[in-house]
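Before any comments, here is the structure.
The values are calculated or read from the model by the stated rules, or taken from the named source; none is laboratory data. Remember, predicted model here, so these are calculated numbers, not experimental data. Don't worry about glycine lacking a Cβ; one is built from the backbone with ideal geometry, like all the others, and counts go over all protein chains shown. All accessible areas refer to the heavy atoms of the entire protein, side chains included, with ligands and DNA or RNA removed. Shrake-Rupley method; radii C 1.70, N 1.55, O 1.52, S 1.80 Å.
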Amino acid sequence: SRLFGALLQRRELFVGPARPDYSAEDKYRIWMRHRYRDCVGCLGELMGHDSFQVKELALCTLMKFVELEAQYPLIKIEWKGTLTFPCDLLKVVVDGLLPTEEDASLLISRFQEYMEYDDVRYFVMKAVTASIGQVTQKTKERPLPFYQQNVFSLISPINMPNKESEMVKFMVKQDNREELKLSKLQAHKHVFEKMWLTFLKHKLPTGLYKKVLVILHDSVLPYMNDPTLMMDFLTVAYGIGGAISLLALNGLFILIHQHNLEYPDFYKKLYNLLDPSIYHVKYRARFFHLTDLFLSSSHLPAYLVAAFIKRLSRLALTAPPEALLMIIPFICNLFRRHPACRVLLHRPGGPADMSEDPYVMEEEEPSESRALESSLWEIQSLQNHYHPDVAKAAAVLNQSLSEMEDDISGLLELSAYELFDKEVKKKAVDVPLEFEQVRGLFGKKNDIFAEHFSLD
């Protein structure tokens, strides 16, 4: 790196068009230019070496060349303002970071320090987009779990600027930077958007699908020029079911509320996501936070809200205590927002158990579930729950509800460990009991053992 670094700085590598009459000095510079290209090729190959130290050294050397080539370009500058960034050399680096047969996350994490430069980030995003197109064309859409995971590891931590004034850190100091595309936030957003759309166009492994959905709403959508381009991806994800549908809710929420997305049968799909697993999944807090937002409108029909209340109550019969302590206040809040549903609470001759309940749990259409004809016998059953806090929470529905909604934000993340820890730390009150003090080994009054054994 020192040798070619010095040659680049002294401009001793040949630059210019080919011509027949080269001087001896030009021939030497041409020969050195070829050796430099060979060196870059070897370093690119070494990025696939078995030893991480060798990979790291090759990466750092190549990035040093990128910096030097940007300052001392190997192209003839025809006019002032020509962009001199060595995109081809950076493409070698990106290709080395994205192998198809092994996980390169460690090397990618080492590369992240260079992504803080606005110009490097811009050209890396362009190179990644090109790489995805080339690799998928070569492999004829065959699944490439390692390659896709490597691409995700490289693009998911990208920290996009919010304002153009924040774009001040460039590896190459260009005199006319203000006139160039890469100094415009709009151009960065365009390249960022194209990169993500190219990546998500191809089928992803389930684990990676979930990882993408987890970050999509706050790390991708806000930095796109047109977030509605993610509409198809999110609606397909929402239709898959299970955890993937739960995770797609975040992105859909942004598109519905901020970009006027119309999703037919959205509430029907949300209703059908309610199954026994929702009280146990890792993303429970996120799901209920969003469900709470979606059910906050006072314009929702009573039959729809009643169907949600009934299904949540029925599922609560088999839910763990930490989920029940969150879902009971959640249901109470729904009653406060939608007074028309209180008929479920005040129905004296209503069903007493499941056998008499007109509510059809298996019905996918909320309007056909007959929820408004039912009553909340499930919550009444929870008043006899083994956990005293759950029984106390369920008993709230026996009295008239206050106007103020319960704040459930602190209960969404409640875990069994926290619940157990709270019980262990609870100070027990001494209870007076009548008992006969034990004497002797077997506790009898005239026990002969009491003469020979002491229990103190």
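Values for this structure:
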item	result
Residue selected from the range 14-33 under the condition among the aliphatic types (A, V, I, L, M) and at pLDDT below 70, by the criterion surrounded by the fewest Cβ atoms within 10 Å (Cβ to Cβ)	ALA18
Test: residue in the range 306-320 that is under 16 Å from CYS341 (Cα atoms) and of a type in the set (Val, Ile, Thr)	yes
Matching option when the condition is in contact with a Phe, Trp or Tyr (Cβ under 8 Å, 6 or more places away or on another chain), among the hydrophobic types (A, V, I, L, M, F, W, C) and at pLDDT 90 or above, among LEU293, LEU325, LEU312	LEU312
Scan of the range 287-307 for residues that are touching a residue at least 60 places away in the same chain (Cβ under 8 Å) and either within 27 Å of HIS387 (Cα to Cα) or buried (at least 22 other Cβ atoms within 10 Å of the Cβ) (or both), ordered by number	PHE288, HIS289, ASP292, ALA306, ALA307
Residue in the range 331-346 that is farthest from LEU397 (Cα to Cα), counting only those that are assigned to a loop (DSSP other than H, G, I, E, B) and in contact (Cβ under 8 Å) with a residue 12 or more places away in the chain	HIS338
Output for the range 229-252, where each listed residue is open to solvent by 40 Å² or more (accessible area, probe 1.4 Å) and either aromatic (Phe, Trp, Tyr) or closer than 21 Å to ASN159 by Cα (or both)	LEU229
Selection within the range 269-280 - surrounded by fewer than 15 Cβ atoms within 10 Å (Cβ to Cβ) and either in contact with a Pro (Cβ under 8 Å, 6 or more places away or on another chain) or not in a helix (DSSP H, G or I) (or both)	ASP275, HIS280
Any hit, the range 116-132, residues being on the phi > 0 side of the Ramachandran plot and open to solvent by 10 Å² or more (accessible area, probe 1.4 Å)	no
Qualifying residue in the range 368-390 (condition: open to solvent by 20 Å² or more (accessible area, probe 1.4 Å), among the aromatic types (Phe, Trp, Tyr) and not in a helix (DSSP H, G or I))	yes
Residue tally, condition at pLDDT below 80 and either within 24 Å of MET195 (Cβ to Cβ) or open to solvent by less than 30 Å² (accessible area, probe 1.4 Å) (or both), over the range 66-81	6
Qualifying residue in the range 87-94 (condition: modelled with pLDDT under 90 and over 19 Å from VAL135 (Cβ atoms))	yes
Residue among PHE335, PHE330, PHE308, PHE288 that alone is under 19 Å from ILE408 (Cα atoms) and in contact with a Lys or Arg (Cβ under 7 Å, 6 or more places away or on another chain)	PHE335
Residue in the range 344-352 that is open to solvent by 10 Å² or more (accessible area, probe 1.4 Å), modelled with pLDDT under 90, closer than 23 Å to SER409 by Cβ and not acidic (Asp, Glu) present	no
Residues being more than 20 Å from PHE85 (Cβ to Cβ) and touching a residue at least 60 places away in the same chain (Cβ under 8 Å) - total across the range 96-136	4
Filtered residues of the range 34-56 (kept if of a type in the set (A, V, I, L, M) and either buried (at least 18 other Cβ atoms within 10 Å of the Cβ) or at pLDDT below 90 (or both))	VAL40, LEU43, LEU46, MET47
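Residues are listed down the side, and each one gets a yes or a no for (1) among the small types (Gly, Ala, Ser); (2) assigned to a helix (DSSP H, G or I); (3) at pLDDT 85 or above; (4) under 16 Å from the mean Cα position of the chain (by Cα):
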{"position": "ILE158", "(1), (2), (3), (4)": "no, no, yes, yes"}
{"position": "SER165", "(1), (2), (3), (4)": "yes, yes, no, no"}
{"position": "LEU182", "(1), (2), (3), (4)": "no, yes, no, no"}
{"position": "LYS189", "(1), (2), (3), (4)": "no, yes, yes, no"}
{"position": "LEU197", "(1), (2), (3), (4)": "no, yes, yes, no"}
{"position": "ASN225", "(1), (2), (3), (4)": "no, no, yes, no"}
{"position": "THR228", "(1), (2), (3), (4)": "no, yes, yes, no"}
